[in-house]
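To start, the structure itself, in structure tokens.
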Amino acid sequence: MSKSRALINELLVDVFNNILGIEEDVIKTRGVKLSVKEVHILEAVRNSREPTMSAIAKRLRITTGTLTASIDRLVAKKFVIRANDETDRRKVLIKLTAPALEVLIIHDEFHGEMIDAIFDDMKIDADATLIKSLENVTEFFKKRYS
């Protein structure tokens with residue numbers, strides 16, 4: 001592997017791992033008693049037009065079986081409920097409870113603070129090349145692995 005390729009790999013892995021680790025620490029210190037994985041499931045439920053198990057699993061790129069185990073835990077912890085779709089009783093929708101919405105506020109605040117810090121500390125808004133590069137990397141991953 002060339003030096004450039006190795007460096008890009010290392011940087012991407014470091015950024016990903018650092019964000020997840022910091023996110024885990026921050027949400028714990030703010031009183032959230034869920035894992036980052038569970039919080040991201042709540043986020044996927046919120047962001048799904050039709051929050052069915054298959055739609056949420058697809059958004060998270062996991063199997064419905066894997067999601068079922070996590071949803072079962074979130075139901076037991078009273079962060080989500082299962083509800084039948086009123087127009088199609090065969091569909092089971094996942095709905096967020098009030099505690100889940102509180103967790104998502106904390107999660108969203110963390111992401112807002114993280115982005116604010118990047119803009120403040122790195123003057124990123126003035127760097128069109130970096131922004132375009134990040135857009136290109138994001139688009140690559142979406143196309144390649146969706």
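Observations, loosely collected:
- Qualifying residue in segment 33-49 (condition: over 12 Å from the mean Cα position of the chain (by Cα) and of a type in the set (Asp, Glu)): no
- Test: residue in segment 89-99 that is assigned to a helix (DSSP H, G or I), within 19 Å of the chain's Cα centre (by Cα) and touching a residue at least 12 places away in the same chain (Cβ under 8 Å): yes
- Condition met for residue 83 (without any contact (Cβ under 8 Å) to a residue 40 or more places away in the chain and out of contact with any strand residue (DSSP E or B) (no Cβ under 8 Å at 6 or more places or on another chain)): no
- Number of residues in segment 127-146 that are modelled with pLDDT of 85 or more and either touching a Cys at 6+ places or on another chain (Cβ under 7 Å) or acidic (Asp, Glu) (or both): the value is 2.
- In segment 11-42, the residues that are assigned to a helix (DSSP H, G or I), under 18 Å from residue 76 (Cα atoms) and of a type in the set (D, E, K, R): 37, 38
- Flag for residue 53 being closer than 21 Å to residue 145 by Cα, surrounded by 12 or more Cβ atoms within 10 Å (Cβ to Cβ) and in contact (Cβ under 8 Å) with a residue 12 or more places away in the chain: yes
- Of the residues making up segment 59-86, just one is polar (S, T, N, Q), under 17 Å from the mean Cα position of the chain (by Cα) and outside any helix (DSSP H, G or I), namely 63.
- Exactly one residue out of 56, 8 is of a type in the set (Val, Ile, Thr), touching a strand residue (DSSP E or B) at 6+ places or on another chain (Cβ under 8 Å), assigned to a helix (DSSP H, G or I) and over 13 Å from residue 107 (Cα atoms): that is 56.
- Residue in segment 1-32 that is nearest to residue 100 (Cα to Cα), counting only those that are over 18 Å from the mean Cα position of the chain (by Cα), of a type in the set (A, V, I, L, M, F, W, C) and surrounded by 11 or more Cβ atoms within 10 Å (Cβ to Cβ): 8
- Selection from segment 68-80 of residues that are buried (at least 17 other Cβ atoms within 10 Å of the Cβ) and in contact with a strand residue (DSSP E or B) (Cβ under 9 Å, 6 or more places away or on another chain): 71, 74, 79, 80
- Residues of segment 100-126 that are in a loop (DSSP other than H, G, I, E, B) and surrounded by 12 or more Cβ atoms within 10 Å (Cβ to Cβ): none at all.
- Selection over segment 56-67 of residues that are buried (at least 17 other Cβ atoms within 10 Å of the Cβ) and more than 17 Å from residue 34 (Cβ to Cβ) gives a count of 2.
The values are calculated or read from the model by the stated rules, or taken from the named source; none is laboratory data. Keep in mind that what you see is a predicted model, and the values were worked out from it rather than measured. No Cβ is skipped: glycine too gets one built from the backbone with ideal geometry, and neighbour counts run over all protein chains shown.
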